[in-house]
Amino acid sequence: MDDSLRLETVEKTVLFVKKELSGAEGGHDWEHTYRVWRNACSIAKEEEADLFVVELGALLHDIADPKFHDGDENIGPEKAGGFLRSLALDDDIIEKVKAIVLHVSFKGGNYKSGYNSRELDVVRDADRLDAIGAIGIARAFNYGGFKNRSMYDPEMPPRLNMGPKEYRANTGPTINHFYEKLLRLKDMMNTNTGKRMAEERHRFMEGFVERFIDEWEGRK
Ligand code: ADP
Ligand code: NI
């Protein structure tokens, strides 16, 4: 497949995903997909991974979140597959991209999927990176505000080791989410480039939480 056909395919995928995600909720909208796509390209360029599969996987990874489809894990991969077949791509590429869409999600942190590929590692890392650092902080407080959560409550300690169900039902303050999920993501990165980017975002977030609590108590 030549470069211009690849470029055209990526452009068509961008248009398709923008259309599919119009009206999506704030955490998984086109803007999130755009950032994951950019992260994924940065990682893929430094790792041994098929950039084309990575780009398509990143662009299509959130087109149908199971959370909003009665937990159905297959709608996203099926939609992605249908779209890619309409572009007459090789089956081999279509299957790799569908597998990324199926397996990328976080699932509260305790889920191990049987499938693996280098391209999946890259997209997973790219998706996780968007939950940490400055963007991660903004998303967490945006989510907390949307759900009308308190920002911080020293009397409600974080709950570690929640299963996927408790994780979804959890209504704790937003700062807890940093301990329950965001500050744990850097140790779950799969690629060296992802790890390096995560370290920097992690340090920024750690400094933020420390300072937030200092300011809360009037220490700074
Ligand atoms: P994903 O589908 O990527 O696992 P989620 O749907 O759990 O992500 O979350 C989407 C965004 O909202 C993320 O940036 C995440 O950190 C944030 N978020 C999820 N749950 C909470 C929470 N309880 N408090 C604050 N932010 C949250
Ligand atoms: Ni995502």
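List of remarks:
- Test: D127 is acidic (D, E) and within 14 Å of ligand 1 (Cβ to nearest atom): yes
- Residues located in the stretch 37-48, provided they are away from ligand 1 (no atom under 16 Å from the Cβ) and open to solvent by less than 50 Å² (accessible area, probe 1.4 Å): C41, I43, A44, E47
- Within the stretch 140-172, tally of residues that are within 14 Å of ligand 2 (Cβ to nearest atom) and over 16 Å from the mean Cα position of the chain (by Cα): 0
- Filtered by the rule that a residue be farther than 19 Å from K18 by Cβ and within 15 Å of ligand 1 (Cβ to nearest atom), the stretch 57-85 gives P66, K67, H69, G71, D72, E73.
- Every residue from the stretch 121-134 that is part of a helix (DSSP H, G or I) and within 13 Å of ligand 2 (Cβ to nearest atom): V123, R124, D125, A126, D127, R128, L129
- Residues (more than 11 Å from ligand 2 (Cβ to nearest atom) and either open to solvent by less than 40 Å² (accessible area, probe 1.4 Å) or of a type in the set (A, V, I, L, M, F, W, C) (or both)) located in the stretch 25-36: W30
- Filtered residue count, the stretch 67-81, keeping only those that are at pLDDT 95 or above and open to solvent by less than 30 Å² (accessible area, probe 1.4 Å): 2
- Total residues in the stretch 190-220 satisfying the condition of being among the β-branched types (V, I, T) and either within 16 Å of ligand 2 (Cβ to nearest atom) or not in a helix (DSSP H, G or I) (or both): the figure is 1.
- Exclusive hit being assigned to a helix (DSSP H, G or I), open to solvent by less than 30 Å² (accessible area, probe 1.4 Å), within 16 Å of ligand 2 (Cβ to nearest atom) and β-branched (V, I, T), set I137, I100, I93, I175: I100
- Among the residues of the stretch 17-34, those that are in contact with a Leu (Cβ under 8 Å, 6 or more places away or on another chain) and either touching a residue at least 60 places away in the same chain (Cβ under 8 Å) or in a helix (DSSP H, G or I) (or both) comprise V17, H28, W30, T33.
- Among the residues of the stretch 41-67, the ones that are within 13 Å of ligand 2 (Cβ to nearest atom) and among the hydrophobic types (A, V, I, L, M, F, W, C) come to 5 in all.
- Candidates D187, D153, filtered to the one that is out of contact with any Ser or Thr (no Cβ under 9 Å at 6 or more places or on another chain) and in a loop (DSSP other than H, G, I, E, B): D153
- From the options L15, L51, residue that is open to solvent by 60 Å² or more (accessible area, probe 1.4 Å), touching a Cys at 6+ places or on another chain (Cβ under 9 Å) and at pLDDT 95 or above: L51
The values are calculated or read from the model by the stated rules, or taken from the named source; none is laboratory data. Given the structure is predicted, the values throughout are model-derived calculations rather than measurements. Note that we place each Cβ from the backbone using ideal geometry, even for glycine, and neighbour counts take in every protein chain shown. Accessible surface is based on the protein model in full, side chains and every heavy atom, while ligands, DNA and RNA are left aside. Shrake-Rupley method; radii C 1.70, N 1.55, O 1.52, S 1.80 Å.
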